[in-house]
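Engineer: Below is the structure I would like to discuss, written out as structure tokens.
No value in this document is a laboratory result; all are computed from the given coordinates. Please read these numbers as outputs of a predicted model, since none were measured by experiment. Glycine gets a Cβ as well: all are built from the backbone with ideal geometry, and neighbour counts include every protein chain shown.
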Amino acid sequence: MTAIMTSTDVHLAYGAKEALHGFDLSFKQHEISALIGPSGCGKSTYLRCLNRMNDLLPDVTITGTFKLGAQDIYAAKVDVVTLRQRVGMVFQQPNPFPFSVYENVAFGLNVVGHYAKADLDQRVETSLKQAAVWDEVKDHLTENARTFSGGQQQRICLARVLAAQPEVILLDEPTSALDPISSAKIEQTLLTLKANYSIIIVTHNLQQAARISDQTAFFLNGQLVENTPTQQIFIKPQQKTTSDYLNGKFG
Amino acid sequence: MDRMKQNLHQASKASYQDYFGKSISLFCASLVGMLVVAILYFVMTRGLATFTQNHISLRSFLLGQTWNPTQIGANGQPEVGALPMIVTSLAVTLLAALLATPFAVGVALFVTEIAPRRGGQLLQPMIELLVGIPSVVYGFIGLSALVPLMRHLFGGTGFGILTGTLVLFVMVLPTITSLASDSLRAVPLDYHSAALALGATRWQMLYKVVLRAALPGILTAVIFGMARAFGEALAVQMVIGNAVLMPKGWLTPTSTLTSQLTTGIGNTTLGTLPNNVLWSLALILLVMSLFFNSLVRFIGRRGRMQK
Ligand SMILES: Nc1ncnc2c1ncn2[C@@H]1O[C@H](COP(=O)(O)OP(=O)(O)OP(=O)(O)O)[C@@H](O)[C@H]1O
Ligand SMILES: [Mg+2]
């Protein structure tokens, strides 16, 4: 399988403090890749490099190469807006806009261009179905998205990303604020989405990584320790530190 | 056993302080409440005397166009039609708000979103300074600079709705700007990053998300601006011309409710019709300010439900 995103020699510094210390990591198409590691090891920082959300922070220096397919996403001529349409992101805290469910999901589409009402309706419905939240919101599409439960809000946010039809979906601990049932629904959703999307998910939940991911990358102190097929890493990790972390010896 | 009982039944120092604090704030609150009731009562009784004692019909007061409280008119009653003042007041208020809102929102966006550093350091204090300038200063500048300019540009006296609107525009601009900036600043950063992560441009983010999320607050800001414009007396009085006449154009001398009040209040004796009708004008102002207040509350409630 081909790599959808590749990064090489990644260094990132917040001001003078380096947070990522140089490693290579790539992700395969139509797979779920999990990023795990103790708090503060740089998972979110790395993830934000992949859709250039770090650009929004002041005083961040990023070196190394990041590619989407064959294109360097940090090249001078790259349009960040187009990049973010192709590499969507779901955040840790559900963050729907204080508008109706429909408007939330249609937002990503309206940003890209003008759609006929019928097309828009269709895409909103499909996206909400893909995000496994359609049944719960279909009779409330005009209600404020922020009045739904956290789990529902998170799936609405996922639908909002899906509506724009990105190629890669980045998720930063999307279920850490959710109850087990909502989490399970999102996991299920991600497994079905895998056929059409490439998914990169940061998670603190090792079982979650084991359940849904194909590949697991273990980060520690701004370094990548190993990137191994999930089936192997939990049984026979390549590094001793990984094994210690997975067995709860630190973290 | 003894000690436990004692502790529970005896008021502690803390709960005594609590009681003391509560009584003070209750006292202050009731004082304010009494003041409000007293003002309402005062304005109401005086303002209504025009209709109850002087038997002026409400209709002729609200819809009449001639203002001549000291002379008996054709129908055997003094003519006290307040319509010209009501129209002028509403006109300058609406026009000033209409003119100021786009500017204010633009400046607020600049200060909060586009250049928060420079904007915050430079523009913010300037805006706050503008809010604090006494209205007589605005009126004075209007009178000595704007009126001659208008006269020069458009002929006539230079006094009128246009000049009044321009002075009020400058006066409500800082009010609306600073309230609108507050409401823009209250939009969670989450919404910004969510919009950008979806591939929105910065302009789309501002326009489709931030401004929209801040809309109830911005509307409130505009209404506060309008309330200020509607109630402003001194500055308007200096540039409006002070003739109780229907405005015939942009620059014909006319009067607002407030300017007529300040002009007339020294020349009348308490208890007479000319004095009572001024109180009736005050009553209209009071009703309008109640209206503005309830509008703000209504929007506030709608806005909260949205979040
Ligand atoms: N905006 C920022 N400015 C400065 N330093 C930051 C910033 N964001 C993160 N850091 C630092 O970078 C390092 C990595 O943080 P990051 O948020 O990527 O960790 P993480 O692996 O996502 O942790 P968690 O699991 O707790 O989310 C930390 O030391 C953190 O203090
Ligand atoms: Mg993180």
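Engineer: Using a Cα-Cα cut-off of under 12 Å, which aspartates and glutamates could be cross-linked to A:LYS194, ignoring same-chain neighbours fewer than 8 residues away?
Structural biologist: A:GLU31, A:GLU167, A:ASP214
Engineer: Right, another one. When the Kirkwood hydrodynamic radius is evaluated over all pairs of different C-alpha atoms of segment B:2-79, what value in angstrom, to one decimal, is obtained? Show your work: numbers first, answer last.
Structural biologist: On the way: mean 1/r = 0.0565 Å⁻¹.
For segment B:2-79, the Kirkwood estimate is 17.7 Å.
Engineer: Positive end of the charge dipole of segment A:142-204 (Lys, Arg +1 and Asp, Glu -1 on Cβ, about the Cα centre): tell me which of A:LEU191, A:VAL168, A:ALA145 has its Cα farthest that way.
Structural biologist: Checking the options against the dipole of segment A:142-204, the answer is A:ALA145.
Engineer: Place +1 on the Cβ of every Lys and Arg and -1 on the Cβ of every Asp and Glu in segment B:2-79, take the dipole about the Cα centre, and give the residue among B:GLY73, B:PHE51, B:GLN10 whose Cα lies farthest towards its positive end.
Structural biologist: B:GLN10
Engineer: Could you rank the peptides A:228-234, A:243-249 by their average count of other C-beta atoms within 10 Å per residue, with the highest value first? All intermediate terms of the calculation are to be shown ahead of the outcome.
Structural biologist: Details: A:228-234: 16.9, A:243-249: 14.0.
Per-residue Cβ counts within 10 Å, averaged per peptide and sorted highest first, yield A:228-234, A:243-249.
Engineer: Please give the calculated 222 nm ellipticity per residue for the protein assembly as shown, where each DSSP H segment of at least 4 residues contributes -39500 (n - 2.57) and the sum is spread over every residue; nearest 500 deg cm²/dmol?
Structural biologist: On the way: 23 runs with 296 residues, N = 558.
Result for the protein assembly as shown: -17000 deg cm²/dmol, rounded to the nearest 500.
Engineer: Just going by the charge dipole of segment B:82-306, with Lys and Arg at +1 and Asp and Glu at -1 on Cβ, which of B:LEU162, B:VAL236, B:GLY217 is farthest out on the positive end?
Structural biologist: B:GLY217
Engineer: For B:THR157 paired with A:LYS77, estimate the spin-label separation in nm (one decimal), with each label point 7 Å from Cα along the Cα-to-Cβ line.
Structural biologist: 6.8
Engineer: Taking only Cα atoms, what is the 0 to 90° angle, nearest 10, from helix A:180-193's long axis to the longest principal axis of chain A?
Structural biologist: Compared with the principal axis, the helix lies near 90 degrees.
Engineer: About its Cα centre, how strong a charge dipole does segment B:82-306 have in debye, to the nearest 20, once Lys and Arg get +1 and Asp and Glu get -1 at the Cβ? Kindly include the intermediate steps, with their values, before the conclusion.
Structural biologist: Working: 13 positive and 5 negative charges, 95 e Å.
Here segment B:82-306 has a charge dipole of around 460 debye.
Engineer: Rg to Rh ratio, chain A, alpha-carbon atoms and Kirkwood radius?
Structural biologist: 0.97
Engineer: If you rank A:CYS157, B:CYS28, A:CYS49 by fewest surrounding Cβ atoms within 10 Å, what's the result? Don't skip to the end; give the middle numbers.
Structural biologist: Values: A:CYS157 29, B:CYS28 10, A:CYS49 23.
Least to most surrounded, the residues fall as B:CYS28, A:CYS49, A:CYS157.
Engineer: Okay, next question. Defining a contact as two alpha carbons under 8 Å apart and six or more residues distant in sequence, what relative contact order in percent does segment B:82-306 show? Don't skip to the answer; put the middle values down first.
Structural biologist: Values: 317 pairs, mean separation 65.2, N = 225.
Worked out over segment B:82-306, it gives 29 percent.
Engineer: Straight-line reach from B:LYS13: which lysines have a Cα under 24 Å away, not including same-chain ones fewer than 8 places off?
Structural biologist: Straight-line reach from B:LYS13, under 24 Å: B:LYS5, B:LYS22.
Engineer: Considering Cα pairs under 8 angstrom that are at least six residues apart, work out the relative contact order of chain A and quote it in whole percent. Show your work: numbers first, answer last.
Structural biologist: Details: 470 pairs, mean separation 67.9, N = 251.
In percent, rounded to a whole number, it is 27.
Engineer: Sort B:VAL32, B:VAL80 so the one with the fewest other Cβ atoms within 10 Å of its own Cβ comes first.
Structural biologist: Working: B:VAL32 10, B:VAL80 25.
Ranked by crowding around the Cβ, least crowded first: B:VAL32, B:VAL80.
Engineer: Also, I was wondering about something else. Report, as an integer, the average count of C-beta atoms from other chains found within 10 Å of each Cβ along B:182-191. Walk me through the intermediate numbers first.
Structural biologist: Working: counts 0, 0, 0, 0, 0, 1, 4, 2, 6, 4.
Whole-number average of other-chain Cβ neighbours for B:182-191 is 2.
Engineer: Suppose every K and R has +1 on its Cβ and every D and E has -1 on its Cβ; what is the size of the dipole of segment A:1-133 about the Cα centre, in Debye to the nearest 20? Let's see the in-between values first.
Structural biologist: On the way: 12 positive and 12 negative charges, 18 e Å.
Charge dipole, segment A:1-133, about its Cα centre: 80 debye, nearest 20.
Engineer: Moving on to the next point. Can you return the lysines within cross-link range of A:LYS17? Criterion is Cα-Cα under 29 Å, with same-chain partners fewer than 8 residues away left out.
Structural biologist: Filter leaves A:LYS43, A:LYS67, A:LYS77, A:LYS240, A:LYS249.
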